[in-house]
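Input: a single structure, listed below in structure tokens.
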Amino acid sequence: MRRSSIVGLTLATYALCLGPAAAESMSGALSRAYSNNPDVNQARAGVRAQDETVPGAKAGWLPKVNAQGSIGHQFTRNTNPPGAAAREQKYLTDPTTGSVTLTQTLFDGMRTANSVDQAESGVLAARENLRGSEISTLGDAATFYMDVLRDTAVLGLRRNNVKVLQVQLQQTRDRFHVGEVTRTDVAQAESSLANGTADVAVAEARLQASMANYRRVIGVEPRQLQPAQPIEKLLPPSLDLAVATGLSENPAVIGALHQVDVAEDQVKINEGALLPQIGVQAQVQNQTDAQGVPGYGIYTASVVGVLNVPIYQGGSEYAQVRQSKEKLSQARLAVETQRYKVRSDVVTAWGNLQSSRAAITSFQAAVKAAEIALTGVREEAKVGQRTTLDVLNAEQTLLNTRVQLVQAQHDRVVASYSVMAAIGRLTARNLGLGVVAYDPNHHYDQTKNRFFGLNTPDGR
């Protein structure tokens, strides 16, 4: 039998069955996590919120229109100066004023253009953050799926061991009553049973914790989990190629590069504050009962060009430029940090995958040898050539080897998903999950040129 077909046989023997629900596969569990996990949905909402920064930045190119009006009552009394003929005029008027002002920026030191570029780079960075969240969630889902299978298998092994130890204890007591063994043999059997019972309690608690993690990430209780296979066929053929793939495709690296673009645009935006600004302002104004005179109206219309040349504003602009340049250096260093981390993650996951492969082969051979040894020790014990302790030790060795085999099978599957995640390819599309992939372009296209309206595209 080929090695790949052997993987999962022990886990399959102890497939989780907690109720009559339909069996759950690894693909089904990952599909649930991809569609329903709150962390992923939160990241998607974050991308949609980031999309709105693009039309916000484009607003710098559009005109600003403001309307202003006033209305009220006014009492006016005019008197002649001293020495003139005595005359007094009194007016009670309702003066009103209405105006509309339009302001259009023609040149703002390229601050709007750079703000738009910065917003678009921020959107791309947010998308990489989303892709990283999806990859992390799918990796966690695969890990917790295998944790539940592993812990179920271990619990089954330990429960079966308790049954064996109970039989062993009863047989030892029977032999003690007929004088074949001593009280020491009985005590050794009782001690092994007590330890085995404690191990069952620990295994039950560990399974409950794994089930809770499964529920947190995937969203449902685990029911009848099917054995899972490693995804090694989707991985690069060598470690060097895996590292190169991770450095070019991991969302943490790509997102950090987009953050460099954001920082570069911020430097340009701050430098734009030192450049002249040119704009046009048009205004229409109408007044009635102006200056307190009944029936006196004033209508004005104007178009004015505005030039603003910053000369010195206390030095804050220069400080902002210097600060943004330091943040740009920080962003570039963050790229190198992510590259080192990705390389480390790929190498670690690849090493775990290789070691788990070798461990499975070794533990399969060890299990067979331990089974043969236990059978021989039991037969020798029947004729007095072995003690009860020898039998108990042989049983414990077989149990431990079986647990190690289960752990190695678990580690191989988890490591294959870890490598896939580290290189940035653990996606719904690459895994062939039966879900509709989330497309961030859909919302972006709906909002990038939307300059009116309060409702979001989905009606909220």
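Here Arg77 clears all of (1) touching a Pro at 6+ places or on another chain (Cβ under 7 Å); (2) at pLDDT below 90; (3) not aromatic (Phe, Trp, Tyr) except the condition numbered (1). Residues that are in a loop (DSSP other than H, G, I, E, B) and within 12 Å of Thr97 (Cα to Cα) within the range 62-72 comprise just one, Gly72.
For the range 386-396, the count of residues that are surrounded by fewer than 18 Cβ atoms within 10 Å (Cβ to Cβ), hydroxyl-bearing (Ser, Thr, Tyr) and without any contact (Cβ under 8 Å) to a residue 12 or more places away in the chain is zero.
Condition first: in contact with a Phe, Trp or Tyr (Cβ under 9 Å, 6 or more places away or on another chain) and closer than 30 Å to Arg343 by Cβ. Can you find one or more residues in the range 281-295 that meet it? It would help to see each step written out before you state the result.
In the first step, residues of the range 281-295 are kept if they are in contact with a Phe, Trp or Tyr (Cβ under 9 Å, 6 or more places away or on another chain); the result is 284-290, 292-294.
Adding the requirement that they be closer than 30 Å to Arg343 by Cβ leaves none.
No - not one qualifying residue is present in the range 281-295.
Based on this model, can you work out whether Leu353 counts as touching a residue at least 24 places away in the same chain (Cβ under 8 Å) and closer than 30 Å to Thr182 by Cα? Quick ask: steps written out before the conclusion?
Numbers: touching a residue at least 24 places away in the same chain (Cβ under 8 Å): yes; closer than 30 Å to Thr182 by Cα: no.
No, not satisfied.
Residues that are of a type in the set (D, E, K, R), under 22 Å from Val162 (Cα atoms) and touching a Lys or Arg at 6+ places or on another chain (Cβ under 8 Å) within the range 387-426 are absent altogether.
What is the residue count in the range 247-299 for residues that are among the charged types (D, E, K, R) and either surrounded by fewer than 17 Cβ atoms within 10 Å (Cβ to Cβ) or in contact with a Cys (Cβ under 6 Å, 6 or more places away or on another chain) (or both)?
Of the residues in the range 247-299, the ones among the charged types (D, E, K, R) are 249, 261, 264-265, 268, 271, 289.
Then keep just the ones that are either surrounded by fewer than 17 Cβ atoms within 10 Å (Cβ to Cβ) or in contact with a Cys (Cβ under 6 Å, 6 or more places away or on another chain) (or both); that gives 249.
Count: 1.
Of all residue pairs spaced 6 or more apart or on separate chains, those with beta-carbon atoms under 9 Å, a first member in the range 181-197 that is touching a residue at least 40 places away in the same chain (Cβ under 8 Å) and a second member that is loosely packed, with under 14 Cβ neighbours inside 10 Å and part of a helix (DSSP H, G or I) are Ala189/Gln170. Going through (1) surrounded by fewer than 14 Cβ atoms within 10 Å (Cβ to Cβ); (2) assigned to a helix (DSSP H, G or I); (3) without any contact (Cβ under 8 Å) to a residue 40 or more places away in the chain one by one, Ser302 falls short only on (2). Consider the range 368-383 and keep the residues that are touching a residue at least 24 places away in the same chain (Cβ under 8 Å) and within 25 Å of Val186 (Cβ to Cβ). The one that is nearest to the chain's Cα centre (by Cα) is Ala370. Tell me, please, whether a residue that is modelled with pLDDT of 90 or more, in a loop (DSSP other than H, G, I, E, B), buried (at least 17 other Cβ atoms within 10 Å of the Cβ) and in contact with a helix residue (DSSP H, G or I) (Cβ under 8 Å, 6 or more places away or on another chain) can be found in the range 406-417. No: the range 406-417 contains no residue that is modelled with pLDDT of 90 or more, in a loop (DSSP other than H, G, I, E, B), buried (at least 17 other Cβ atoms within 10 Å of the Cβ) and in contact with a helix residue (DSSP H, G or I) (Cβ under 8 Å, 6 or more places away or on another chain).
One residue alone among Glu336, Glu371 is out of contact with any helix residue (DSSP H, G or I) (no Cβ under 8 Å at 6 or more places or on another chain) and assigned to a helix (DSSP H, G or I), and that residue is Glu336. Can you find a residue in the range 144-160 that is within 30 Å of Ala256 (Cα to Cα) and either surrounded by fewer than 21 Cβ atoms within 10 Å (Cβ to Cβ) or touching a residue at least 24 places away in the same chain (Cβ under 8 Å) (or both)? Yes, that holds for at least one residue. Residues in the range 305-333 that are aliphatic (A, V, I, L, M), over 28 Å from Ile254 (Cβ atoms) and in a helix (DSSP H, G or I): Ala319 only. In the range 180-197, the condition of being in a helix (DSSP H, G or I), more than 30 Å from Ala331 (Cβ to Cβ), of a type in the set (Asp, Glu) and over 25 Å from the mean Cα position of the chain (by Cα) is met by at least one residue. When the residues of the range 430-460 are filtered to those that are in contact (Cβ under 8 Å) with a residue 24 or more places away in the chain and of a type in the set (D, E, K, R), the one that is farthest from Val40 (Cα to Cα) is Arg450. Annotation: Ala228 fulfils all but one of (1) among the aliphatic types (A, V, I, L, M); (2) surrounded by 17 or more Cβ atoms within 10 Å (Cβ to Cβ); (3) part of a helix (DSSP H, G or I); the unmet one is (3).
Look at (1) over 37 Å from the mean Cα position of the chain (by Cα); (2) touching a residue at least 60 places away in the same chain (Cβ under 8 Å) and you find that Ala365 fails only one, number (2).
The values are calculated or read from the model by the stated rules, or taken from the named source; none is laboratory data. Computed from a predicted structure; not experimentally measured. Cβ atoms come from the backbone with ideal geometry, glycine included; neighbour counts cover every protein chain shown.
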